[in-house]
Amino acid sequence: MSSLTEKDRPIVQLLLNTGTCPRCILRFCCVGSQTLYRHPYKDLMKDLKEFLKNNQEKEDTVCSDVVDPPCKRIRLEHTEGGPGDLNHNGALQQIPSVNDGNAAMEDSAVKVCNVCLGILQEFCEVDFVKKVCQKVNSADYQFTSFVFSVSLPPQLSVRERAAWLLVKQEMGKLGLSLAKDDIVQLKEAYKWIIHPQLSEELGVPADGKSLFEVSVVFAHPETEDECRFLATACPDCFKPAKNKQSVFTRMAVIKALEKIKEEDFLKHFPCPPSSPKNLCVALEIQCNNGAVFVAGRYNKYSRNLPQTPWIIDGERKLESSVEELISEHLMAEFKADSFNFSSSGREDVDVRTLGNGRPFAIELVNPRRIRFTAEEMKGLQQTINNSSDKIQVRDLQLVTRSAIGRMKEGEEEKTKTYSALIWTDKAIQKEDIAFLDDIKELKLDQKTPLRVLHRRPLAVRCRIIHTMQSEYIDEHHFRLHLKTQAGTYIKEFVHGDFGRTKPNIGSLLNRTADILELDVESVDVDWPPTLDN
Amino acid sequence: FLQLQHNNCISFCRICVITLAEAHPLLQNGKTIKSINYQISANCSRLQNKVSGKSKRGAQFLTELAPLCRISSSDGEEYTIYSCIRGRLIEVNENILSNPAILQEKPSTEGYIAVVLPKFEESKSITQGLLTQKEYEEVLLKRLNSSS
């Protein structure tokens, strides 16, 4: 073991004797060679023993030459169990001698590490790798890389701290120091070992930025209560538990460990940490794919279709919805868990959306399939359009998350054009409505319409009608085309909403007016990009 | 005097607009409105009602017998218009202060008195306690017959 030097000797000896596994020993000796950690467990154990033995022999010869007979004496006397020995290890616990340690080392292949609780032992083995990959493969995801995230039980941080204090003290005797940051992190070492194995078995590289996440949660019920003493020592680090989750989260425990004084720590926690009987358990192995976004524009041809499902008290009041008609097929193709539908504004149940349609985007959560060609997207668009005459979609395409922002800005900033069928109580002639065409940039004050007042704050909105164009039909009907600022309530502009929208068509014509039909003619947002449909 | 409560749009919309009922004296021929006063007591003016947020925090809470306003007609009569609905006062119609004529010309629309939002739990029972147009007309008919 060329990575280890003389000064590592006492550490290796100490940790091995107290029940620490070879890989954790390497970590505390600040060995940074990734490949070394990947060596088989048995080999590492053998090498460490060799390292100690060589030194032992060296020590013998050194001892016989140098005036330090106690070395030999101690070894012999430990086996005899004689009194009055110089305890090599100072003030700490009575530690089994090297020979006893050897016997213990024979069993250490099965002995669970007192620092990593088996993470760098059992959970680096091929059996566990196979188990993870089996879960991944059966989940049937499409992916080109993976990120492996591991959740470790909080008591590992506590044990790590205890081990560090132990090693620090030992090194202090040699006049050396060991900074916490020099120690190789457990998670890091674990990933060094398991990533290549997972990568090989899954056939794709590990990539920190991957959208496909394989996550494992480890727990160690046997030592669950080891963190409790921190709550009495640093009560302000632990906030009361939300729901039923434990207060002792990793973050809280780490924070408390930073605060607690060494002396207090050693008062409450055994140093070295005790050897557990059992390994950690892998509680869950889960797969998750990052969300994909599908955008497009929809037309709505029904006057009886809400945008989102209309359900009151568990009862569906109107059949289906725009979002369901579009998402249904996407969910099936992408095999997602759920979706989030958003659009650049929306229209009422009884309003049609004509022209180029309204931009929308759907977030598909945890999709199993993520790769679709332009051809496949076109096919998907066709499927949606064939399935319903109430809605039609166009420009269906995959987009990035950032694209959602562009669509939402359209909702607030861009103009819309409408066509309204208007009724008047008193008769009108062509001349009576002609003047509407000449009105430009008409300013409205709209109080929150009564029909939405139960779910919106009371406020006054200033909105602008940019242009209007009238089409006379008969003495009581005409059609009005309008181009308005985003956020204008058209129906209220026509009927006045009890006089709470001023001016309104009624006040402009000096009659009572009502709206019979409304269509959205265009939503003036140039996103998503138009495709050759 | 009966008030006809007006539920906007669909029954679960929940907003109530208080207007003068058809048969209200103020809406009969010959009556002119002299003044409308939203100051219903020394401490309470409906004009000072301020609501904020979706849940309409800060609204004056009304019970059935809470007065909304007092209207005086030129013939010396004074009428108190009561809420008749339990709920939060959202707004009173200030337009009738500047233009009292609309109260009589368009009592069911622009001449409304106030907007009230009942508690969600009570909205159904309140709707059920109201009269439909037909039922109201029957009541009026009965009243006419009994008085004649």
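The values are calculated or read from the model by the stated rules, or taken from the named source; none is laboratory data. Just so we're clear, the structure is a prediction, and the values are computed from it rather than from any experiment. Every residue, glycine among them, receives a Cβ derived from its backbone with ideal geometry; neighbour counts consider all protein chains shown. All accessible areas refer to the heavy atoms of the entire protein, side chains included, with ligands and DNA or RNA removed. Shrake-Rupley method; radii C 1.70, N 1.55, O 1.52, S 1.80 Å.
The table below gives the values:
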read-out	value
Chain A - accessible surface per residue (Å², probe 1.4 Å)	49
Förster radius 56 Å - calculated FRET efficiency between A:Lys42 and A:Asp524, Cβ distance, rounded to 0.05	0.20
Solvent-free Debye scattering, log10 I(q)/I(0), computed from the Cα coordinates of segment A:443-533 at q = 0.15, 0.18, 0.23, 0.26 Å⁻¹	-0.65, -0.86, -1.24, -1.47
Modelled label reach - A:His466, point 7 Å along Cα→Cβ, segment A:501-533 residues with backbone N closer than 11 Å	A:523-525
For chain A, alpha-carbon Rg and Dmax in angstrom	36.5, 124
Paramagnetic reach from B:Phe120 in segment A:294-328 [backbone N under 15 Å; point 7 Å along Cα→Cβ]	A:311-315
Check: segment A:174-330 dipole with +1 on Lys, Arg Cβ and -1 on Asp, Glu Cβ, in debye	500
Modelled FRET efficiency - R0 51 Å, B:Glu64 with A:Glu413, Cβ distances, 0.05 increments	0.65
Charged-residue dipole, Cβ positions (Lys, Arg, Asp, Glu), chain A about Cα centre, Debye nearest 20	800
Chain A, relative contact order [Cα under 8 Å, separation at least 6], %	13
Unsatisfied cross-links (Cα-Cα over 19 Å) in the set A:Lys173/A:Lys259; A:Lys447/B:Lys56; B:Lys54/B:Lys119; A:Lys447/A:Lys502	A:Lys173/A:Lys259
Under-5 Å amide H pairs with A:Gly118, H placed in peptide plane, nonlocal only	A:Cys113
Fraction of antiparallel bridges per DSSP, the protein assembly as shown only, in percent to nearest 5	90
Residue among A:Asn137, A:Cys462, A:Trp310 farthest towards the positive dipole end of the protein assembly as shown, charges placed on Cβ	A:Cys462
Fraction of accessible area attributable to carbon and sulfur, the protein assembly as shown (%, probe 1.4 Å)	50
Accessible-area ranking of B:Phe61, A:Phe293, largest first, probe 1.4 Å	B:Phe61, A:Phe293
For peptides A:201-209, A:251-259, A:329-337, A:488-496, sequence by mean Cβ density within 10 Å, most packed first	A:488-496, A:329-337, A:251-259, A:201-209
Convex hull volume per residue for segment B:104-146, taking Cα atoms only, in Å³	110
Kirkwood Rh and Cα Rg combined as Rg/Rh, segment A:1-45	0.92
Kirkwood-type radius of segment B:12-114, with distances r between different C-alpha atoms, in Å	14.2
Rounded to 10°, Cα long-axis angle of helix A:155-173 versus longest principal axis of chain A	40
At least 10 Å² accessible surface lost relative to isolated chain, residues of segment A:447-472 (1.4 Å probe)	A:Lys447, A:Leu450, A:Arg451, A:Leu453, A:His454, A:Arg455, A:Arg456, A:Pro457, A:Leu458
Isotropic mean projected area of the C-alpha convex hull, segment A:140-247 (nm²)	10.5
For segment B:50-94, the fraction of alpha-carbon pairs in successive 5 Å shells from zero, as %	5, 20, 23, 21, 15, 8, 5, 3, 1
Average projection area in nm² (convex hull over Cα atoms of segment A:444-494, one quarter of hull surface)	4.1
Percent RCO, i.e. relative contact order, over segment A:388-533, from Cα pairs under 8 Å lying at least 6 residues apart	35
For segment A:297-412: Kirkwood Rh in Å [reciprocal of mean 1/r, alpha carbons]	14.8
Residue (of A:Asn299, A:Leu120, A:Leu516) at the positive-pole extreme of chain A, dipole from beta-carbon charges	A:Leu516
From phi via Karplus (6.51, -1.76, 1.60), per-residue ³J(HN,Hα) for segment A:247-263 in Hz, x at Gly/Pro	5, 8, 7, 4, 5, 5, 5, 4, 4, 5, 5, 5, 7, 5, 6, 3, 4
Cα radius of gyration and Dmax for segment A:364-481 (Å)	21.4, 62
Accessible area buried, both sides summed, chains A and B with 1.4 Å probe, Å²	1700
Table column - 3J(HN,Hα) (Hz), segment A:179-194, Karplus curve with 6.51, -1.76, 1.60, x for Gly and Pro	7, 4, 6, 7, 5, 6, 5, 4, 4, 5, 4, 4, 5, 3, 7, 8
Table column - 3J(HN,Hα) (Hz), segment A:308-314, Karplus curve with 6.51, -1.76, 1.60, x for Gly and Pro	10, x, 9, 10, 10, 6, x
